[in-house]
């Protein structure tokens with residue numbers, strides 16, 4: 001097991017935690033000693049993740065939420081707050097990505113554009129708005145951006161624009177909640193080999209895997225350490241930053 005910074009005694013919410021990168025974040029946080037709240041729209045997969053993680057000895061508890069629905073977020077925060085009155089960390093991982101690529105700026109329909117922003121941007125904001133009141137002792141928020149917003153990936157304008165908004169939101173939020181001793185940072189992964197990127201054309205995978213300073217595919221285990229670090233006390237004076245975690249495809 002990787003030796004992560006310790007999160008003993010902390011309670012961390014991970015959205016989109018039922019599978020893929022979110023599940024990897026949840027397991028890494030739990031491995032570091034935290035209680036993890038698994039949040040996902042997929043109730044069956046979320047309950048399965050809870051069972052499997054608890055069987056592995058982790059403190060993991062699933063609560064359903066649709067981050068595209070403000071009422072669902074409010075109900076989620078109320079349920080979590082009743083069971084876990086003090087939250088120390090929030091990982092805003094849930095987003096829409098699967099199946100939205102391949103269209104040029106003039107081919108994207110308005111309904112899809114609005115849905116991407118409703119989930120990826122508004123949902124991230126509403127989750128922060130709902131959970132910060134539970135972070136009474138301070139803590140850390142990690143937003144999932146994307147390096148597509150840093151290099152300007154084509155044929156993904158709605159997605160890259162939404163992730164650019166998340167980066168800007170991270171900067172502004174860091175100033176607003178900083179006085180409460182809450183840090184807000186973003187990580188910007190490249191294409192990670194998970195179920196959600198199975199639709200990505202091989203040519204795009206090749207572009208990344210051949211263009212990284214550290215060549216090759218990116219896997220969840222390449223990303224989780226940065227998230228755990230940003231939730232830990234070791235990073236308490238880092239805020240408002242976006243960290244590309246992509247093997248050097250984009251260099252800051």
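The values are calculated or read from the model by the stated rules, or taken from the named source; none is laboratory data. Predicted, not measured: the structure shown is a model, and the values here were computed from it. Virtual Cβ from ideal backbone geometry, glycine too; neighbours counted across all protein chains shown.
Listing for the model above:
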item	result
Tabulated pairs, the stretch 225-244, first without any contact (Cβ under 8 Å) to a residue 60 or more places away in the chain and on the phi > 0 side of the Ramachandran plot, second exposed (fewer than 15 other Cβ atoms within 10 Å of the Cβ) and part of a helix (DSSP H, G or I), C-beta under 8 angstrom, 6+ apart or interchain	none
Elements of type helices (runs of 4 or more DSSP H) in the stretch 121-192, at least 1 residues being within 13 Å of the chain's Cα centre (by Cα), modelled with pLDDT of 95 or more and buried (at least 17 other Cβ atoms within 10 Å of the Cβ)	123-131, 157-177
Checking residue 55 against (1) out of contact with any helix residue (DSSP H, G or I) (no Cβ under 8 Å at 6 or more places or on another chain); (2) over 16 Å from residue 144 (Cβ atoms); (3) surrounded by 15 or more Cβ atoms within 10 Å (Cβ to Cβ), the condition it does not meet	(3)
In the stretch 74-96, the residues that are farther than 15 Å from residue 12 by Cβ and surrounded by fewer than 23 Cβ atoms within 10 Å (Cβ to Cβ)	74, 75, 78, 79, 82, 96
Members of the stretch 220-252 that are under 17 Å from residue 148 (Cα atoms), touching a strand residue (DSSP E or B) at 6+ places or on another chain (Cβ under 7 Å) and in a loop (DSSP other than H, G, I, E, B)	223, 241, 246, 247, 250, 252
Output for the stretch 203-224, where each listed residue is free of Cβ contacts under 8 Å to residues at least 40 places away in the same chain and within 19 Å of residue 25 (Cα to Cα)	217, 218, 219, 222
Those residues of the stretch 58-71 which are crowded, with 17+ Cβ neighbours inside 10 Å and farther than 23 Å from residue 10 by Cβ, in sequence order	66, 68
Residue match in the stretch 3-17 (condition: under 20 Å from residue 119 (Cβ atoms), free of Cβ contacts under 8 Å to residues at least 40 places away in the same chain and in contact with a helix residue (DSSP H, G or I) (Cβ under 6 Å, 6 or more places away or on another chain))	no
Residue within the stretch 201-210 that is on the phi < 0 side of the Ramachandran plot, assigned to a loop (DSSP other than H, G, I, E, B) and in contact with a strand residue (DSSP E or B) (Cβ under 9 Å, 6 or more places away or on another chain) present	no
